[in-house]
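Note sheet for the following structure.
The values are calculated or read from the model by the stated rules, or taken from the named source; none is laboratory data. The shown structure was predicted, so the numbers you read here are calculated from the model rather than taken from an experiment. Cβ placement follows ideal geometry from the backbone for every residue including glycine, while neighbour counts extend to all protein chains displayed.
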């Protein structure tokens, strides 16, 4: 059934969906009570797709409102609840989970050469916790919403807002346990379930990224939990921890909140780095450049990210000394990210580059993430931040990284591993079109916002000064293009499930243990436990390729 | 009888799985450190700006109950550890006895804390939202904040204790069904780690609540 | 649509230089990254038959080189940004102090001479201005893009912001910390006038009462003089007061010993808290009998009282 080819990879014959994890039980019960990491990944995929479109819908209304200076929606009340909903849903119910719970859950055991994660039942529990948290949050949103912004600053959220703050905080609190469970499972699995012969330095970069991510999830999320708990108690019982009138401090909330939320943004982007680090070697048919630097870059990002939270507070009333310290640490954390970009370029150098859709998304990631990351240098510069913070400049900065970066990586990974997950090939032409439209729509939406921010337009504004209208209209036009770029994959990916060409075990000719088993894999992942004898990305070198013709 | 032990299909051996379960619990406890740690940091931060008030509040706490509870909880961890040693040696009956004693001590802790101490605190108007809060005047704000942290931390700790009690009952049930042996007693170890951790949290809370500021 | 933002304060041009450098560095890096990308995509595409030669094995030299270069550039940017920022914490002594109270959803501005404005701030060109700001409710943020400055405004605290306007004109003022329903309406204008025009404006806009004079009236009305004496001098020799309270003459800026043994400086915050939370810091040698005025006196009136107390000369027996 398998043959060893000249470059050492093992080819597996084309096998249908029969005998795979997809057909191993057809009842609803077999899906809802599964402990198979692959099925749980699909349960999560359905959930986060739904949340993505809910958050996206809110964004569409936000951009619609901003077409005219006085606010098209007519009511600031509604607008404030919309941008809060957009932030809450996108941050906690899309960006934080996206790659880890779908691609991570699906691929970690496969990449490790294991048959499942360390704690499969905990994995299933994490999905239920996620759904419960999401349900409670959506209840808050549809019962009238929250109008404090996703950052819940006190005392607005504790003493003045008349919206469903506690309900939303509860939903997020519950989803935090899902995060912790996932991160815990990942860390333990990577430590304990590696296949024989797979040393740490033989693991693909994706696993190092998810390991670093796991550390962040496990250590940062509990701080969010206590923050939300104190927020709820303050709001309900007026305990006064954040109330200056009885000796509390509203800045304490900001410190607590950002202590989680800064690592959170690295939770969001690290898996994206991991995905791109898998796609680039595969589509350059070349070993990744500087493997050790890249993997230790992920680890150092995870560590340093705990020490930069104060850069969200440069004008908040903190001391000069803390501001200076946080600024230099923020520059330090940017260095490993920069290294990754150079290493990806180094991987492509002298490679054999193909332009399939996953590669187009990965290239889009490199471009857009670099822009977003560079603008991070602007806001890390203290005096520049004083001018740029709280304006659309920051909005553009983080959307370039989160949407331009993370969402591109998510789509890239989804396309790259789609054959493995579903056993089908997606239609290549449509996918390339979608990638291109996404890149164009994205830049049109968010680049004008850098300019708006420099000119002074504040964020979270329902209405704005008329001189900002042209740039706002451009941005909203871009948003409509971006929206169509997201709807396209929804269409053709679903189409491919029914009519797509069947995939072989390794349609891309990529390295990695996940490609050494059938597409889609059987429930137990591997027929025999693989034994690893070489490092990752063992593509043939150009010399050997040219020798063999 | 648990004479043959099988591991789940993703593990290479029963030992592999047992060690992994324990690693998982340690990691979970790390998250709890960050959870309680965040609260304790807020406590320290708030105290820094309200020290006289906090100390005034601390002087109102019932030192004898806190100290007795500390002794009870530390003893309960010791007893459980003895139970673990017994099951390693094959004596499940003694394990069950130790677990029952630990359970009793845990319930005694909860009874003293919530049945007696909190009741006294409410009766003495120490609940921060009480309109007749015991300490008035300049120190009132700080004292109220102290009691905010007191009630939140003891409530959270108590919640963890209740979960621990549930876990103990689960262990006792499984032990009585003969599921543990020298070859397999991973759940006993894992619950032991959890119980000891809850104990350690109390050991940190005890001086924060009862000792700091008392001597002023 | 204008892509140009006036640089109307002394530090605005410097911030623009920093931003300009950031733009140049970013553009250079982007050019490098996109450039290499395009070159590789064409030169090394799968079908291209060019000779790729051997791949470098020892890559750590290159890695270390670009890591070091990155660190150096970043450190340079950090120092530049920090240097400008530090100066924002060092207002000059003779700055013109103006008082700002933010509340949902407006800015109340009070000049020392008693002139009051809402959502507008008149300033003279060429003179350093120090804004002393507080909030009555939630956190707001006072931002003037043309001056390249902003600062959060917190309840229960005074925050300061200083700058020197150097171009007459009218510039936008925004609230930039989300503060609820009408956050986007909490905007206004900063009007920078030449010094003679500014004096004219001051004279024409209700400068009959200085803030300190209003504060004196409040001092009487709230009964402060009952314990602290008329003019704060607390002359207990007469029939003025039977209560022993600290004298307030010359208090502002002076060290104050407290009952717990510490010594604090009587700054704006100390005076503010002494009125709304008097029992938190008791002056050494006095009993904690001053009642709290929290909730009775609004932030604007508190500012006036503080200005009045600041104006009291030293002298008079304690």
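Please indicate, with yes or no, whether at least one residue in region A:209-225 is surrounded by 24 or more Cβ atoms within 10 Å (Cβ to Cβ), more than 9 Å from every other protein chain (Cβ to nearest Cβ) and not in a helix (DSSP H, G or I).
no
Which of the residues that make up region C:65-97 are in a loop (DSSP other than H, G, I, E, B) and within 14 Å of another protein chain (Cβ to nearest Cβ)? Reasoning before the result, please.
Within region C:65-97, the first condition is being in a loop (DSSP other than H, G, I, E, B), and the residues that meet it are C:88-95.
The answer is C:88, C:89, C:90, C:91.
For (1) assigned to a strand (DSSP E or B); (2) free of Cβ contacts under 8 Å to residues at least 12 places away in the same chain, each residue gets a yes or a no:
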residue: C:151; (1), (2): yes, no
residue: C:167; (1), (2): no, no
residue: C:181; (1), (2): no, no
residue: C:189; (1), (2): yes, no
residue: C:196; (1), (2): no, yes
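Can you tell me how many residues in region A:88-117 are under 24 Å from residue A:264 (Cα atoms) and either away from chain B (no Cβ under 14 Å) or not in a helix (DSSP H, G or I) (or both)?
Number satisfying all stated conditions: 20.
Looking at region B:46-64, is at least one residue under 24 Å from the mean Cα position of the chain (by Cα), facing chain A (nearest Cβ under 9 Å), surrounded by 15 or more Cβ atoms within 10 Å (Cβ to Cβ) and modelled with pLDDT under 95?
yes
Out of all the residues in region A:258-269, is one or more touching a helix residue (DSSP H, G or I) at 6+ places or on another chain (Cβ under 6 Å), at pLDDT 95 or above, part of a helix (DSSP H, G or I) and at the interface with another protein chain (Cβ under 10 Å from one of its Cβ atoms)?
Yes, some residue in region A:258-269 is touching a helix residue (DSSP H, G or I) at 6+ places or on another chain (Cβ under 6 Å), at pLDDT 95 or above, part of a helix (DSSP H, G or I) and at the interface with another protein chain (Cβ under 10 Å from one of its Cβ atoms).
Quick check: anything in region C:274-292 in contact (Cβ under 8 Å) with a residue 40 or more places away in the chain and within 18 Å of residue C:217 (Cα to Cα)?
No, because not a single residue in region C:274-292 is in contact (Cβ under 8 Å) with a residue 40 or more places away in the chain and within 18 Å of residue C:217 (Cα to Cα).
From the list A:407, A:379, pick out the single residue that is at pLDDT 95 or above and within 17 Å of the chain's Cα centre (by Cα).
Only one candidate passes the filter, namely A:407.
Has region A:415-426 got at least one residue that is away from chain C (no Cβ under 14 Å), in a helix (DSSP H, G or I), surrounded by 20 or more Cβ atoms within 10 Å (Cβ to Cβ) and touching a strand residue (DSSP E or B) at 6+ places or on another chain (Cβ under 8 Å)?
yes
The rows are residues; the columns are (1) touching a strand residue (DSSP E or B) at 6+ places or on another chain (Cβ under 6 Å); (2) loosely packed, with under 14 Cβ neighbours inside 10 Å; (3) without any contact (Cβ under 8 Å) to a residue 40 or more places away in the chain; (4) in the same structural domain as residue C:169 (by TED's automatic domain parsing).
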site: C:3; (1), (2), (3), (4): no, yes, yes, yes
site: C:20; (1), (2), (3), (4): no, yes, yes, yes
site: C:24; (1), (2), (3), (4): no, yes, yes, yes
site: C:31; (1), (2), (3), (4): no, yes, yes, yes
site: C:36; (1), (2), (3), (4): no, no, yes, yes
site: C:54; (1), (2), (3), (4): no, yes, yes, no
site: C:57; (1), (2), (3), (4): no, yes, yes, no
site: C:61; (1), (2), (3), (4): no, yes, yes, no
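Have a look at C:29, C:62, C:100 and point out the one that is modelled with pLDDT of 90 or more and assigned to a helix (DSSP H, G or I).
Criteria check complete, one pass: C:29.
List the number of the failed condition for residue B:144; all other conditions in (1) in contact with a helix residue (DSSP H, G or I) (Cβ under 7 Å, 6 or more places away or on another chain); (2) buried (at least 21 other Cβ atoms within 10 Å of the Cβ); (3) more than 14 Å from chain C (Cβ to nearest Cβ); (4) over 19 Å from residue B:79 (Cα atoms) hold.
Evaluating residue B:144 over (1) in contact with a helix residue (DSSP H, G or I) (Cβ under 7 Å, 6 or more places away or on another chain); (2) buried (at least 21 other Cβ atoms within 10 Å of the Cβ); (3) more than 14 Å from chain C (Cβ to nearest Cβ); (4) over 19 Å from residue B:79 (Cα atoms) leaves (3) as the failure.
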